[in-house]
1. Against the definition (free of Cβ contacts under 8 Å to residues at least 60 places away in the same chain and in a helix (DSSP H, G or I)), how does residue 34 come out, yes or no?
2. Keeping to segment 159-168, report how many residues are open to solvent by less than 60 Å² (accessible area, probe 1.4 Å) and under 25 Å from the mean Cα position of the chain (by Cα).
3. Can you tell me how many residues within segment 24-57 are among the aromatic types (Phe, Trp, Tyr) and surrounded by fewer than 17 Cβ atoms within 10 Å (Cβ to Cβ)?
4. Please work out if residue 117 is closer than 21 Å to residue 19 by Cβ and among the aromatic types (Phe, Trp, Tyr).
5. Please go through segment 95-130 and give me each residue that is of a type in the set (Ser, Thr, Tyr) and either surrounded by 13 or more Cβ atoms within 10 Å (Cβ to Cβ) or at pLDDT 90 or above (or both), ordered by number.
6. From the list 161, 165, 140, pick out the single residue that is in a loop (DSSP other than H, G, I, E, B) and either over 23 Å from residue 49 (Cβ atoms) or touching a strand residue (DSSP E or B) at 6+ places or on another chain (Cβ under 6 Å) (or both).
7. Do you know which residues across segment 23-50 are among the polar types (S, T, N, Q) and modelled with pLDDT of 95 or more?
8. Can you say whether residue 21 is surrounded by 13 or more Cβ atoms within 10 Å (Cβ to Cβ) and assigned to a helix (DSSP H, G or I), as far as the supplied structure shows?
Amino acid sequence: MPHPVKEDVQATLREYHPRVRRVVNLAWDEWRALAVCRAKEGFGPFLYSRTVANIVFDAIARYAIAEFAGDPSVHIEVEAQTIKLFFKGSVFARFKKGDENKLGQNIPTQAALAFEYVDALFPGLPPETAKVEFIWLANDINTRLEHVLVVARDGDRLLWDYEIDDIAGAGTGTIIPFPQPPAPPSPPEGDDLVKPKIPEVKKNENEQE
């Protein structure tokens, strides 16, 4: 199988870039909202870094299904541990948290290895299908989403990558405040307005006027 061509993949995915980035942004903002709630309740940080990756991926899967389910140009495969997206019958993609080499990490199952290696084939897919990963990268303490990349790999070797720009400006870890409720209406004016009766203060008999 030939290596996926960066320019061809970009041309296929270009119209989907804002939607892919929005999916990751929404998932990241959900994680940050959860982190804020945990901190307010006095809960400590997670012990294992993979916990954050699992939380973010669960949210990504939900948002991706909602985003692309009604699009006839995108086929979604929902599996037990992951989802894969098939764009325009030519680009097969999955979402992963990236490491320092911009590569997603996997338990080396047969399905994972089939996705990682260029010459591996998926049943039912044309042999010329380009396989790529949508990689998200955060800072070391998982408080800020740094990059969302499209990555092509061959095993542990990075073939090429490019970034999906954050056009919407989300995914920064900032929680968007909810709008404040409107102020209550002013009381009506007029003679029919009921006014509270002020009680008369009775003076002491010895108090002078």
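1. Yes.
2. Going through segment 159-168 one residue at a time, the tally reaches 5.
3. 3
4. So residue 117 fails the test.
5. 117, 129
6. Answer to the check: 165.
7. Hit for segment 23-50 is 25, nothing else.
8. Answer is yes for this residue.
The values are calculated or read from the model by the stated rules, or taken from the named source; none is laboratory data. From a predicted model like this one, the values you see are computed outputs, not experimental measurements. Cβ atoms come from the backbone with ideal geometry, glycine included; neighbour counts cover every protein chain shown. These area figures cover heavy atoms from the full protein model, side chains too; ligands, DNA and RNA do not enter into them. Shrake-Rupley method; radii C 1.70, N 1.55, O 1.52, S 1.80 Å.
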